[in-house]
Amino acid sequence: MQQTKLGINKKLKKYQDKEEYNSYQEELGFAKELNILRNDFYYKMIEKDSSWLVDFLYRPLDIMSGDAYTAREIDEHRTFYLVIDGMGKGLSASLTAMLMSAFINHLIDKMKTHDSFDLNILIRESLEYIQPILLEEEALAIDYILINNYFLSMEYAKFSMPAMLLQSNNNDIIRIKSNNPPMNKYKKEYVTSTYNVSNISKFLFYSDGLVENETCINERLYGDFIQEDFANSFTKEDLREKIFEKIKAQEDDLTLIFINKLPSFDNKAHKKEFSSSLEAVEDASEWYEKKFENLSQNSEARTQANLVFTELFMNAYEHGNLGIDSSSKNLLIQDDKYIDKLIELSLNCNKKIFVQLNIIEYANNNYMVTKISDEGEGFDTQILSTIFRNGQTFNGRGVFVSRKNSLGIYYNSKGNSVLYIHKI
């Protein structure tokens, strides 16, 4: 009997160790996927004549995803977007998507280094790279999209991807279908097309896992609803909420890129500037709370907006204008010298913090857009990628909390101005 129990325990330990090992490998695999998915606009807006907000939804069905995406800032005027959907599910589709994504990003890095980006070369070189890797019956759906904000044009090559959706300034929805069949092992010819986007205010690029998912509405596919939901969504979070109201069981990898043009702050914007001091932090919080109360009776939105404002205004004060980095802050807190240091640095700081509030009406909803700017040196917003993957990280905790309590936060390229949105 004793030997039998020992044998069972040994087997259980073996299975447990194997399960932990597999889980560990899956975590490493997913972490590698996230490193391959390059995103130059991780909570960063594109600032041209207007502010463009770029958002993403990436939800693999399994750890190893057959979907991949990329968003790259090519230069001052051009941005590139890539959406890949490998055929089928499982390891084969994931390997194809990840290899293609990694190679394309490598090419983009090389082209940017030599200031020689060319969409046709990118497509041709990546096609030649992937064809020997594809299996005989394997196909690859992919979107190459280049938006030029100077010439207000969109150049694209769509290989059997679902129609991209564009919304005009007049709220018309434009569907742009694929201009190429899926990539396969042999076909080398392809075409690119160009579309004038001077009158476009919103874009949606996505994989077919979204539109082919069954909904809880008479078993209809989500493709029946995506156009209307896109038209009625001001932010990616609005669209995400509409999607998962209808989709109860995810059936495939889901990937989308949502871009919208934010209306300019007009003369109705509420503006205020504050000094860099602890007293100003309190004054700013009181001013903001009163303004919000006058503009909205939504108590939940008011609570969330006040929390976000306090966190981001404090960041503008301590990290922006006073220049205290996270490591120094932690040490000062440990030594119980943090408040004294804030007071000391504030005495010699003449930099200001600027706040703007505006109400935007969209699809029968009102949105409060808040912008906080400081006069500091800013920071590289790419560090937020690491922070947001681990919500328990102490450094940047305020930014993480702000993101979770708003419809989105977006920094400028310098990192000294942040904008966030609430539905009120």
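Read the figures in this text as sums done on the coordinates, not as results from a lab. Just so we're clear, the structure is a prediction, and the values are computed from it rather than from any experiment. When we count neighbours, we look across all protein chains shown, and the Cβ atoms used for this are built from the backbone with ideal geometry, even at glycine.
Using the Karplus equation 6.51 cos²θ - 1.76 cosθ + 1.60 (θ = phi - 60°), what ³J(HN,Hα) coupling, rounded to whole Hz, does each residue of the stretch 369-384 give in order, writing x for Gly and Pro?
My calculation for the stretch 369-384 gives 10, 10, 10, 10, 10, 10, 10, x, 7, x, 7, 7, 5, 5, 5, 5 Hz in order.
Taking amide hydrogens as modeled 1.01 Å from N in the peptide plane, which residues meet the under 5 Å criterion relative to residue 164, leaving out close sequence neighbours?
Residues meeting the amide H criterion: 176.
Checking the table 158/423; 248/271; 202/248; 261/337 against a 32 Å threshold on Cα-Cα, which pairs fail? Walk me through the numbers before you get to the answer.
Numbers: 158/423 34 Å; 248/271 43 Å; 202/248 26 Å; 261/337 44 Å.
With Cα atoms farther than 32 Å apart: 158/423; 248/271; 261/337.
List 349, 216 from most exposed to least, where exposure is judged by having the fewest other Cβ atoms within 10 Å.
Values: 349 18, 216 11.
Ordered by Cβ neighbours within 10 Å, fewest first: 216, 349.
Please identify the GluC sites (Glu not before Pro) of the stretch 137-222 that satisfy two criteria: DSSP loop assignment and at most 11 other Cβ atoms within 10 Å. Which are they? List each step's numbers first, then the result.
Numbers: sites: 137, 138, 155, 189, 212, 214, 219; in loops: 137, 138, 189, 212, 219.
Counting only loop positions with at most 11 other Cβ atoms within 10 Å, the GluC sites (Glu not before Pro) in the stretch 137-222 are 137, 189, 219.
Under 5 Å between amide hydrogens, which residues at least 5 positions from residue 67 or on another chain qualify, with H placed 1.01 Å from N in the peptide plane?
The list, which skips near neighbours in sequence, is 86.
What nm distance separates the two modelled labels at residue 188 and residue 271, each placed 7 Å from Cα along Cα→Cβ?
In this crude label model, residue 188 to residue 271 measures out at 5.9 nm.
What ranking of 203, 244, 56, 354 emerges when the number of other C-beta atoms within 10 Å of each C-beta is taken as an exposure proxy, fewest first? Walk me through the numbers before you get to the answer.
Details: 203 24, 244 12, 56 18, 354 15.
If I rank by nearby Cβ atoms, fewest first, I get 244, 354, 56, 203.
Under 5 Å between amide hydrogens, which residues at least 5 positions from residue 179 or on another chain qualify, with H placed 1.01 Å from N in the peptide plane?
So residue 179 has HN proximity to 158, 160.
Among 381, 215, 113, 192, which comes first, second and so on when ranked by fewest other beta-carbon atoms within 10 Å? Don't skip to the answer; put the middle values down first.
Numbers: 381 21, 215 18, 113 8, 192 15.
Least crowded to most crowded, the residues run 113, 192, 215, 381.
Measure off 7 Å from each Cα along the Cα-to-Cβ vector at residue 103 and residue 133, then give the distance between these two points in nanometres to one decimal.
Label-label distance for residue 103 and residue 133, simple model: 0.5 nm.
Obtain the nm distance between the two label points defined at residue 282 and residue 404 by a simple spin-label model: each point lies 7 Å from its Cα along the Cα-to-C-beta direction.
Computed distance between label sites residue 282 and residue 404 equals 2.9 nm.
Provide the per-residue ³J(HN,Hα) series for the stretch 295-305, in order, calculated from phi with Karplus coefficients 6.51, -1.76, 1.60 and θ = phi - 60°, each as a whole number of Hz, with x at glycine and proline positions.
Ordered by residue, 3J(HN,Hα) equals 9, 8, 9, 7, 5, 5, 5, 5, 4, 5, 5 Hz.
For the stretch 275-287, what does the Karplus curve 6.51 cos²θ - 1.76 cosθ + 1.60, with θ = phi - 60°, yield as ³J(HN,Hα) per residue in whole Hz, taken in order and with x for Gly and Pro?
Karplus values, whole Hz, x for Gly and Pro: 7, 9, 8, 5, 5, 5, 4, 5, 4, 5, 5, 5, 4.
Tell me, in nm to one decimal, what length is gained between residue 48 and residue 120 on full extension, where the rule is 0.36 nm per residue of separation less the Cα-Cα distance?
On the way: separation 72, 0.36 × 72 = 25.92 nm, distance 2.55 nm.
Stretched fully, the residue 48-residue 120 segment lengthens by 23.4 nm.
Under the 0.36 nm per residue contour assumption, what length would be gained going from the current alpha-carbon distance of residue 332 and residue 385 to full extension?
Details: separation 53, 0.36 × 53 = 19.08 nm, distance 2.56 nm.
Result: 16.5 nm gained on full extension.
Determine the distance separating the Cα centre of the stretch 331-361 from the Cα centre of the stretch 90-150; give it in Å without decimals.
Between the Cα centres of the stretch 331-361 and the stretch 90-150 lies a distance of 45 Å.
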